[in-house]
1. Are any of the residues in the stretch A:167-175 of a type in the set (D, E, K, R), away from every other protein chain (no Cβ under 11 Å) and buried (at least 20 other Cβ atoms within 10 Å of the Cβ)?
2. Which numbered condition in (1) at pLDDT 95 or above; (2) more than 24 Å from B:HIS45 (Cα to Cα); (3) open to solvent by 30 Å² or more (accessible area, probe 1.4 Å) is the only one that B:LEU160 fails?
3. Sort out which residues of the stretch B:51-76 are open to solvent by 10 Å² or more (accessible area, probe 1.4 Å), under 19 Å from B:ILE187 (Cα atoms) and touching a Lys or Arg at 6+ places or on another chain (Cβ under 8 Å), and write them in order of number.
4. Only helices (runs of 4 or more DSSP H) wholly contained in the stretch A:37-141 count here; list those with 1 or more residues that are in contact with an Asp or Glu (Cβ under 8 Å, 6 or more places away or on another chain) and in contact (Cβ under 8 Å) with a residue 12 or more places away in the chain.
5. Quick one: is B:GLU142 at negative phi and open to solvent by 10 Å² or more (accessible area, probe 1.4 Å)?
6. Of the numbered conditions (1) over 13 Å from the mean Cα position of the chain (by Cα); (2) of a type in the set (A, V, I, L, M, F, W, C); (3) under 25 Å from B:GLY28 (Cβ atoms), A:LEU131 satisfies every one except a single condition; which is it?
Number of protein chains: 2
Amino acid sequence: MEIEHPPLNHERIVPKAERRGLVLVHTGDGKGKSTAAFGLALRAHGRGKAVRIYQFMKVPSARFGEHRVFEQLGVPVIGLGDGFSWKSKDLEHSAQLARDGWAQAEATIRAGEHFMVVLDEIMYPLRYGWLPLESVLACLRERPSHVNVVLTGRGAPAELVELADTVTEMTLVKHHYQAGVPAQRGIED
Amino acid sequence: MEIEHPPLNHERIVPKAERRGLVLVHTGDGKGKSTAAFGLALRAHGRGKAVRIYQFMKVPSARFGEHRVFEQLGVPVIGLGDGFSWKSKDLEHSAQLARDGWAQAEATIRAGEHFMVVLDEIMYPLRYGWLPLESVLACLRERPSHVNVVLTGRGAPAELVELADTVTEMTLVKHHYQAGVPAQRGIED
């Protein structure tokens, strides 16, 4: 496992404009939150950095376009969900999967072996109350300082926005669904 | 060259919910406009679709993380700019490059051999008056209907928003530059 930037142990002599890991949040009701996270992962991978992607709302067997390319590139994409929807019969099972998934992701972040860890759609289990927000915030605060973490999903909690370095809100101006155009293979999946 | 979806020549019998190419716009002052476009290109490539990326504000020799990965994947990324900045000494040269670049991109869109064509940061030459908006709108209107076009950049013109199928505004909520943290290799380039 490669360590891209060793943790800084000499903070008093490091200038303010240091390079360090960031917490990046993509939120809002618009498109592009996860897609931009994949773009960040692509860019970091292109710089030779170790990247891992956790997807809280995708099943492990998801084979969308991005899964196929990341597999080809050797970037692990780990589906943690069970295809949850509001019609799910077993929400407690979904909640348990989210907690188990978070335990994996937290261990990866704290281990410091990755330049970037993506927590795709983690806002959903946070909003549903399946994951304690404080546990996520504590992990981000206490992580090795070289680790970049990207969190996506609607409705980012205010405490997370406060902690984050960069927060982008993707706002829906218009969407082709509204005009009766269905999901397009290669665009939405 | 592969043609993913032949142009539809039987519009009257196609149900409204057809699959067809979309015009997607990423605009606003926030991060993620280009990055999400790269994510879309990645996804389409992962579905075996032909993709081409034109970058209006990048030099042909740009070697950011995304260029390295797309090269590895065999997706052409074509820098059309000259590293323009407001300090440029020769804006007419920049304008000519933009026009030449647009001629290339327009020919690619109209040829219909690509599932997706990305026009990254095309809003800049449009805003600077280097490209006539009507020429871009006409190309989008008249393109083969299976071609998806993704346009990025701040300040999308109202006529383009009107024509587009899906428009996302990326809004800056907060940014690490504001806290004195500089651009990070593997994150911003």
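1. No.
2. Against the list (1) at pLDDT 95 or above; (2) more than 24 Å from B:HIS45 (Cα to Cα); (3) open to solvent by 30 Å² or more (accessible area, probe 1.4 Å), B:LEU160 comes up short only on (3).
3. B:PHE64, B:ARG68
4. Hits in the stretch A:37-141: A:65-73, A:91-111.
5. For B:GLU142, the condition - at negative phi and open to solvent by 10 Å² or more (accessible area, probe 1.4 Å) - is met.
6. (3)
The values are calculated or read from the model by the stated rules, or taken from the named source; none is laboratory data. These numbers come from a predicted model, not from an experiment. For neighbour counting, all protein chains shown are included, and Cβ atoms are generated from backbone atoms with ideal geometry for every residue, glycine included. Surface accessibility is based on the protein's heavy atoms, side chains included, excluding ligands, DNA and RNA. Shrake-Rupley method; radii C 1.70, N 1.55, O 1.52, S 1.80 Å.
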